[in-house]
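Notes follow once the structure below has been shown.
The values are calculated or read from the model by the stated rules, or taken from the named source; none is laboratory data. Bear in mind that the values here come from a model prediction, so they are computed numbers and not experimental data. Methodologically, a virtual Cβ is constructed for each residue, glycine included, from the backbone with ideal geometry; neighbour enumeration extends over all protein chains shown.
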Amino acid sequence: MFGEVRKQPTVGWTGAAVGKVNLRKLARGQECQLRLHDVDGVRICNFNTDTVCLCHLRLGGVAGLGQKPPDLCAVYACSDCHDVVDGRVKRLVPNIDMDLLRALLRTLAIVSKELGL
């Protein structure tokens with residue numbers, strides 16, 4: 001009723017009432033979801049599942065300088081794709097924003113399937 005306080009379930013970054021989920025650990029051994037190619041069509045992605053980690057996306061004002069976005073704002077990326085996203089390697093990637101969106105959706109689909117959502 002009105003004025004009644006309901007206790008909310010513990011919610012992890014996935015939005016599931018399953019407690020905190022470590023998305024960084026879930027990334028280990030996964031396939032790269034970015035699969036980047038440069039402007040000449042040359043493959044950037046190394047497709048090596050041993051190098052895949054959680055690559056945080058610094059878009060949309062989610063985090064400021066020196067801050068890391070929440071783990072929900074991240075994709076599974078190999079070391080080579082991650083280097084491009086973080087700016088450690090300079091490569092011209094056409095439509096990288098669309099690649100990031102696709103990778104985010106694929107990553108969220110994998111996470112939801114792994115958690116049985």
>> Quick test for you: out of V52, V85, V75, pick the one residue that is closer than 25 Å to V21 by Cβ, in contact with a Ser or Thr (Cβ under 7 Å, 6 or more places away or on another chain), surrounded by 18 or more Cβ atoms within 10 Å (Cβ to Cβ) and of a type outside the set (D, E).
In response: V75
>> List pairs: first residue in segment 28-52 and touching a residue at least 24 places away in the same chain (Cβ under 8 Å) and within 22 Å of L92 (Cα to Cα), second residue loosely packed, with under 14 Cβ neighbours inside 10 Å and among the aliphatic types (A, V, I, L, M) anywhere in the structure, Cβ distance under 8 angstrom, at least six positions apart or on different chains.
In response: D38/L92; V39/L92
> Based on what the data block shows, is V62 surrounded by 14 or more Cβ atoms within 10 Å (Cβ to Cβ), assigned to a loop (DSSP other than H, G, I, E, B) and touching a Leu at 6+ places or on another chain (Cβ under 6 Å)?
Replying inline: no
>> If K25 meets every condition in (1) part of a loop (DSSP other than H, G, I, E, B); (2) modelled with pLDDT under 95 apart from one, which number is that one?
In response: (1)
> Just checking, which of I96, I110 is under 18 Å from L23 (Cα atoms) and out of contact with any Lys or Arg (no Cβ under 8 Å at 6 or more places or on another chain)?
Replying inline: I110
> Identify, please: which residue in segment 29-58 is polar (S, T, N, Q) and not in a loop (DSSP other than H, G, I, E, B) and is, among those, nearest to P69 (Cα to Cα)?
Replying inline: T51
> M98 fails exactly one of the following numbered conditions: (1) more than 22 Å from V111 (Cα to Cα); (2) surrounded by fewer than 11 Cβ atoms within 10 Å (Cβ to Cβ). What is the number of that condition?
Replying inline: (1)
